[in-house]
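The values are calculated or read from the model by the stated rules, or taken from the named source; none is laboratory data. Computed from a prediction, not measured in an experiment: that's the story for all the values here. For neighbour counting, all protein chains shown are included, and Cβ atoms are generated from backbone atoms with ideal geometry for every residue, glycine included. Ligands, DNA and RNA are excluded from the accessible area calculation, which covers all protein heavy atoms including side chains. Shrake-Rupley method; radii C 1.70, N 1.55, O 1.52, S 1.80 Å.
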Amino acid sequence: MKGMIFTEFLGLVEEKWDADMVDDIIDACDLPSGGAYTAVGTYDHQEIVALVVELSKRSGVEVPDLLRVYGQHLFSKLALGYPQFVGKTDSVLDFLEGVENYIHVEVRKLYPDAELPSFETKRLEPQVLEMIYRSSRHLDDVCHGLIEGCITHFKKEGTVEREPIDDGSRFVIRCE
């Protein structure tokens, strides 16, 4: 998993709690990397799992809730860092439809070793999108938060429904 995922997570922890919480969860996890991440490095995704579980223990916030908030936070950071990806449309649903065939293609150019989730989309109605998320990492809650972060970024009203499927989640996004 790319280091940017780790650095942004630790940035969120520092923002919502403090630098001591960052140090505490890193120290408690006994991570192979030692908790020293660079944005362009690649790390075992089990490290982020360990950090999230430890933060949940210390903060009292359930893991799924932490992951959704992290997804929301991550979208805002990605939008700032990669405006060329979000600047092509002002439509949440158009943007989400382009994740697999445009954004992930561009991400693979930047990070050829990135292991990305897959998305299948289908318009159910003009303002309703079905999005199927599949990933070996099963970060469905992060994906949910990313979709919510997308809605917030584009300053739209919308809802996100989610149901589990065998190897991921089916999201139904309704947006103006």
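Filter the stretch 6-50 down to residues that are aromatic (F, W, Y) and either surrounded by fewer than 19 Cβ atoms within 10 Å (Cβ to Cβ) or more than 17 Å from V69 (Cα to Cα) (or both) and give me whichever is modelled with the lowest pLDDT.
Across the stretch 6-50, the extreme among qualifying residues is Y43.
When you go through E106, E54 one by one, which is the residue that is among the acidic types (D, E) and surrounded by 14 or more Cβ atoms within 10 Å (Cβ to Cβ)?
Only one candidate qualifies: E54.
Of all residues in the stretch 118-139, which are open to solvent by less than 30 Å² (accessible area, probe 1.4 Å) and either in contact (Cβ under 8 Å) with a residue 40 or more places away in the chain or under 16 Å from L78 (Cα atoms) (or both)?
Matches in the stretch 118-139: V128, L129, M131.
Looking at the structure I just gave you, is T89 modelled with pLDDT of 95 or more and either part of a strand (DSSP E or B) or of a type outside the set (A, V, I, L, M) (or both)?
Answer is no for this residue.
Would you mind stating whether A79 is in a loop (DSSP other than H, G, I, E, B) and touching a residue at least 40 places away in the same chain (Cβ under 8 Å)? Before the answer, list the steps.
Numbers: in a loop (DSSP other than H, G, I, E, B): no; touching a residue at least 40 places away in the same chain (Cβ under 8 Å): yes.
Spelling it out, it is not the case that A79 is in a loop (DSSP other than H, G, I, E, B) and touching a residue at least 40 places away in the same chain (Cβ under 8 Å).
Taking only pairs six or more apart or across chains, which ones have beta-carbon atoms under 6 Å, a first residue in the stretch 59-75 that is touching a residue at least 12 places away in the same chain (Cβ under 8 Å) and surrounded by fewer than 18 Cβ atoms within 10 Å (Cβ to Cβ), and a second residue that is of a type in the set (A, V, I, L, M) and in a helix (DSSP H, G or I)?
V63/V52
From T159, T152, which residue is open to solvent by 60 Å² or more (accessible area, probe 1.4 Å), in a helix (DSSP H, G or I), over 19 Å from Y102 (Cα atoms) and of a type in the set (S, T, Y)?
Every option except T152 fails the conditions.
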